Amino acid sequence: MTQILILSVSAGNGHVRAAQALEAAIAATPPHTAVHIDAMAHVNGGFRKVYTDWYIQLVNRAPELWSYLHQRTDATPHHAPSQRLRRGIERLSTGALVRELRRAKPAAVICTHFLPAELLMRERNRGRIDCPVWLQITDYDLHNMWLVPGMTGYLAATEEVAFRLRARGIPAERIHVTGIPVMPAFSEPDAPALARDACAAALGLDPARPVLLMVSGGAGVGDLPSMVERVLGPGGDSGFQVIAVAGRNADAHARLQALAARHPGRVVAIGFTSEMHRLMAAADLVVTKPGGLTVSECLALGKPMLLISPIPGQEEHNAGFLMEEGAAWLAYDAIGLDYKVARLMADPAKLASMAARSRALGKPRAAAAVLRHVLGQAG
């Protein structure tokens, strides 16, 4: 039996979801087992608050400052004094995590965030751990913070990310293009359970009419209920149906339910759900922020995207990649959102073209590809 330790960081959901996808893939590969640890559960409260809450507040309230910091840190070498100081502060705040890692004694470690990878780099350099450590990059571009020296392998989303790793000095033999891991529910896009018409009908929608899935609002486009009300058009007669996912936002869910009651058969209001794969399968177009994991799920199912409210830096780069490849459009503001939704939903040929590009880019079995590399050394 081989135990794999998966380390994530709950700064945003993407790193955790990638780790959960790997955990699920390992669980389906006996006799191997997985232990998933959120690094933030093993650090002191002050550090956790700065690293998670501060990050979320910064990107939401001061995106221009975040953009500056993202660019500045990308241009700062790993060995620079400021980077060494940052890592020193991290080590002082994460002693419990390091002790937990030593106690676990795994056959291999996969990090879905650079913070635990940096901590393990120091442990490896001092001979305190000797197992392989892998770093899974969870965006469609490369930032300097992912360039942690000494990893056994670097798992890249695309050939361009791999090219950028090589250009920044990572040995080619340590780089593997796997895609970004998605949950098993997204890994079989042609399964009968994900047939578009069946999934739409199960939601009470008319499979013969176009379906729009809207999963987020944000800066520049407004909150989700307002977005849904606008795209429905005057009198709600836009000609397409809407699935709107409020997640854990109870107020937004209540407003969406009221909207659905006013437009019976036109709007499906969803709160928190574990069935996102079925909602995506039912849709002809997905409106979403371009987070690395969300867009990877869309690509896995071959869904065209209309992107909104990208976080400066990594999400902007994700959006650029998807638009260059023809799988997505970007709405810069509320007016652009309304225009582009109406235009795309009235153009089945364009949606079909975007869907084909999305499917071509998708890597629904990325988690299995990761495990082939990791278990090849750890097994």
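The values are calculated or read from the model by the stated rules, or taken from the named source; none is laboratory data. Quick caveat: nothing in here was measured; it's all calculated off a predicted structure. When we count neighbours, we look across all protein chains shown, and the Cβ atoms used for this are built from the backbone with ideal geometry, even at glycine. Keep in mind that these areas ignore ligands, DNA and RNA; they rest on the heavy atoms of the full protein, side chains included. Shrake-Rupley method; radii C 1.70, N 1.55, O 1.52, S 1.80 Å.
For Leu135, indicate whether it is free of Cβ contacts under 8 Å to residues at least 60 places away in the same chain and under 28 Å from Pro364 (Cα atoms). When the stated conditions are applied, Leu135 passes them.
When Leu205 is tested against (1) aliphatic (A, V, I, L, M); (2) in a loop (DSSP other than H, G, I, E, B); (3) open to solvent by 20 Å² or more (accessible area, probe 1.4 Å), just one condition goes unmet, and that condition is (3). Of all residues assigned to region 212-234, at least one qualifies as being farther than 25 Å from Gly247 by Cβ and either free of Cβ contacts under 8 Å to residues at least 40 places away in the same chain or buried (at least 16 other Cβ atoms within 10 Å of the Cβ) (or both).
When the residues of region 229-274 are filtered to those that are of a type in the set (A, V, I, L, M, F, W, C), within 23 Å of the chain's Cα centre (by Cα) and in a helix (DSSP H, G or I), which remaining residue is farthest from Ser216 (Cα to Cα)? Among residues in region 229-274 that are of a type in the set (A, V, I, L, M, F, W, C), within 23 Å of the chain's Cα centre (by Cα) and in a helix (DSSP H, G or I), the one farthest from Ser216 (Cα to Cα) is Ala250.
Take Val177 and tell me if it is within 25 Å of the chain's Cα centre (by Cα) and open to solvent by 20 Å² or more (accessible area, probe 1.4 Å). Yes, satisfied.
Could you grab me the full set of residues in region 305-321 that are under 12 Å from the mean Cα position of the chain (by Cα) and of a type in the set (D, E, K, R)? Correct list: Glu315 only.
Given the residues Leu115, Leu155, which is the only one that is hydrophobic (A, V, I, L, M, F, W, C) and assigned to a strand (DSSP E or B)?
Values: Leu115 fails: assigned to a strand (DSSP E or B).
Exactly one residue qualifies, and that residue is Leu155.
Of all the numbered requirements in (1) open to solvent by 20 Å² or more (accessible area, probe 1.4 Å); (2) without any contact (Cβ under 8 Å) to a residue 40 or more places away in the chain; (3) farther than 19 Å from Gly12 by Cβ, Leu259 misses one, and that requirement is (1).
Test Ile335 against the criterion of being among the β-branched types (Val, Ile, Thr) and out of contact with any helix residue (DSSP H, G or I) (no Cβ under 8 Å at 6 or more places or on another chain), and give yes or no. Answer is yes for this residue.
Among the helices (runs of 4 or more DSSP H) confined wholly to region 3-98, which include 2 or more residues that are modelled with pLDDT under 75 and open to solvent by 30 Å² or more (accessible area, probe 1.4 Å)? Before the answer, list the steps.
Details: elements: 14-27, 45-48, 55-61, 63-74, 81-93.
Output list reads 45-48, 81-93.
Within region 191-211, the presence of at least one residue that is charged (D, E, K, R) and either over 20 Å from Pro264 (Cβ atoms) or without any contact (Cβ under 8 Å) to a residue 12 or more places away in the chain (or both) is confirmed.
Residues checked against (1) small (Gly, Ala, Ser); (2) at pLDDT 95 or above; (3) within 27 Å of Gln20 (Cα to Cα):
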| position | (1), (2), (3) |
| --- | --- |
| Glu325 | no, yes, no |
| Ala328 | yes, yes, yes |
| Ala334 | yes, no, no |
| Leu344 | no, yes, no |
| Leu351 | no, yes, no |
| Ala360 | yes, yes, yes |
| Val370 | no, yes, yes |
| Ala378 | yes, no, yes |
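Evaluated against (1) open to solvent by 40 Å² or more (accessible area, probe 1.4 Å); (2) of a type in the set (A, V, I, L, M); (3) at pLDDT 95 or above, Ala250 falls short on exactly one condition, (3). In region 168-184, the residues that are basic (Lys, Arg) form Cβ pairs under 6 Å with partners that are surrounded by 23 or more Cβ atoms within 10 Å (Cβ to Cβ), at six or more places apart or across chains, as follows: Arg174/Gly153; Arg174/Tyr154. The residue that is most open to solvent (accessible area, probe 1.4 Å), counting only those in region 99-140 that are small (Gly, Ala, Ser) and closer than 29 Å to Gly291 by Cβ, is Ala104. Cβ separations smaller than 6 Å between residues 6+ apart or across chains give the following pairs from region 300-315 residues that are free of Cβ contacts under 8 Å to residues at least 40 places away in the same chain to residues that are in a strand (DSSP E or B) and of a type in the set (Val, Ile, Thr): Leu306/Val287.
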